[in-house]
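Right, one structure below, let's go through it.
The values are calculated or read from the model by the stated rules, or taken from the named source; none is laboratory data. Fair warning: this is a prediction, and the values are worked out from it, not measured in the lab. In this analysis, Cβ positions are derived from the backbone assuming ideal geometry, glycine residues included, and neighbour counts consider all displayed protein chains. When the accessible area is computed, the model is the full protein with side chains, heavy atoms only, and any ligands, DNA or RNA have been set aside. Shrake-Rupley method; radii C 1.70, N 1.55, O 1.52, S 1.80 Å.
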Amino acid sequence: MTERHRVYILMARKISGEATAQELDELELLLQQDPELRYAFTIVDDVSGVNEADGFTAAEEEQLLKDGMDRMNLFLQQETAVTPVRKMSPWKIIAGMAAAAAVLVSAVIWWPRDDRKLAYRNEVVTKTGSKTAVVLPDGTSVVLNACSRLQYDANRFLSGEREVSLTGEAYFDVKHDPSHPFIIQTGKVNIRVLGTVFNVKAYTEDATVQTTLLSGKVEVSFPEGSAAGSRKVIQLQPEQKLVINIRKDKPVTETKKTNFTIAPVKAMITPGNDAALKPETAWVNDRFDFDNVTFEELSHDLERWYNVRLRFKNDKYKKEVFTGAFRKQNIDDILQALQLMSGFHYEMNTTENIIDIW
């Protein structure tokens with residue numbers, strides 16, 4: 001049995017809810033080795049859970065269904081012809097499941113209700129404690145960190161409109177295309193690139209939006225000051241990190257005239273590893289690195305990585321500053337290490353996944 005044929009079987013088993021934990025792990029490993037199949041499966045997997053949409057006319061629903069099936073057929077046509085057999089192929093099983101979803105909405109999981117030109121028909125979401133990789137239609141590769149959402153429109157990508165919406169954190173390796181800039185929207189911050197490698201961290205619960213450029217060049221546009229419509233445009237150079245303060249409850253003071261900072265990207269060398277690692281992108285390699293961050297900031301990352309909630313019963317510990325690196329340790333190991341540096345106490349409620357700090 002070929003690896004690709006095995007992927008088809010595992011895809012069908014997952015969508016039908018029959019896959020075991022071992023089969024899901026095997027599927028994830030095989031998809032990592034084949035970006036095209038990963039992208040195809042992202043579409044099918046999303047469709048399998050879509051609810052019937054409302055607010056569309058019969059004609060609109062028919063057109064959306066046709067668009068989605070046309071895209072699905074593109075993937076089917078890429079397969080090498082084989083000798084016909086009586087059994088239905090796994091691809092047809094999967095396509096049938098997709099077609100059965102009342103309104104495909106072109107693998108839609110998101111349809112904004114405003115009248116803007118931009119309507120993102122495709123969505124990739126990661127849950128707490130997980131991350132995922134996806135290859136966009138233009139060849140751009142994206143790794144999404146925990147609790148993140150990437151929205152885009154595959155049809156517009158194919159016509160050269162390379163624009164995505166991001167909530168959370170993602171590592172981008174953008175396919176170079178000077179004629180078609182790649183644009184990321186995250187809240188009120190816009191990032192424009194031609195072809196480059198960078199990391200964006202933009203969680204709604206965080207006080208900042210961070211852009212870390214590793215290679216190439218990016219242009220970041222964001223609101224500055226209190227004047228309506230006033231925006232600042234920053235061009236980052238490689239190995240630079242831009243941090244934008246977006247917290248409305250912490251206005252810019254007179255002593256600090258701007259709501260952003262630009263700093264060189266630091267590298268950390270850990271025992272047993274001579275390679276210098278960057279804390280901002282260590283998560284891509286399953287590392288949990290942090291450099292000079294407050295316990296309050298760190299708590300958000302811990303919550304997303306370990307599916308817990310941290311409650312500070314003594315606010316003084318929110319301002320404690322930590323630097324460290326961990327790899328696949330559990331939350332208890334990390335808290336014990338931080339405790340040695342700060343002296344706080346903690347108690348874990350495993351029933352409710354709550355950790356009290358005092």
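Using a 1.4 angstrom probe with every protein chain in place, what is the largest-first accessible-area order of MET11, MET341, MET348? Write down the numbers at each step before the final one.
Details: MET11 0, MET341 110, MET348 75 Å².
Listed by decreasing accessible area, they come as MET341, MET348, MET11.
Within a Cβ distance under 14 Å of LYS201, other residues only, what is the Lys/Arg minus Asp/Glu net charge? Numbers along the way, then the final one.
Numbers: positive: LYS131, ARG149, LYS241, LYS278, ARG304; negative: GLU169, GLU205, ASP206, GLU280, ASP289, ASP291, GLU297, ASP301.
Spelling it out: positives minus negatives among the neighbours equals -3.
I need the phi-derived Karplus couplings for segment 151-166: 6.51 cos²θ - 1.76 cosθ + 1.60, θ = phi - 60°, integer Hz, Gly and Pro marked x.
Taking θ as phi minus 60°, the curve returns 10, 7, 10, 4, 4, 5, 4, 5, 9, x, 8, 8, 9, 9, 10, 10 Hz for segment 151-166.
Per residue, how many Å² of accessible area does segment 150-191 show with a 1.4 Å probe?
Values: 1590 Å² over 42 residues.
Dividing the accessible area of segment 150-191 by its residue count gives 38 Å².
Distance check, please: which entries in LYS127/LYS316; LYS232/LYS316; LYS127/LYS328; LYS175/LYS278; LYS201/LYS328 exceed 24 angstrom between their Cα atoms?
Numbers: LYS127/LYS316 31 Å; LYS232/LYS316 34 Å; LYS127/LYS328 17 Å; LYS175/LYS278 22 Å; LYS201/LYS328 21 Å.
Cα-Cα > 24 Å for LYS127/LYS316; LYS232/LYS316; rest within.
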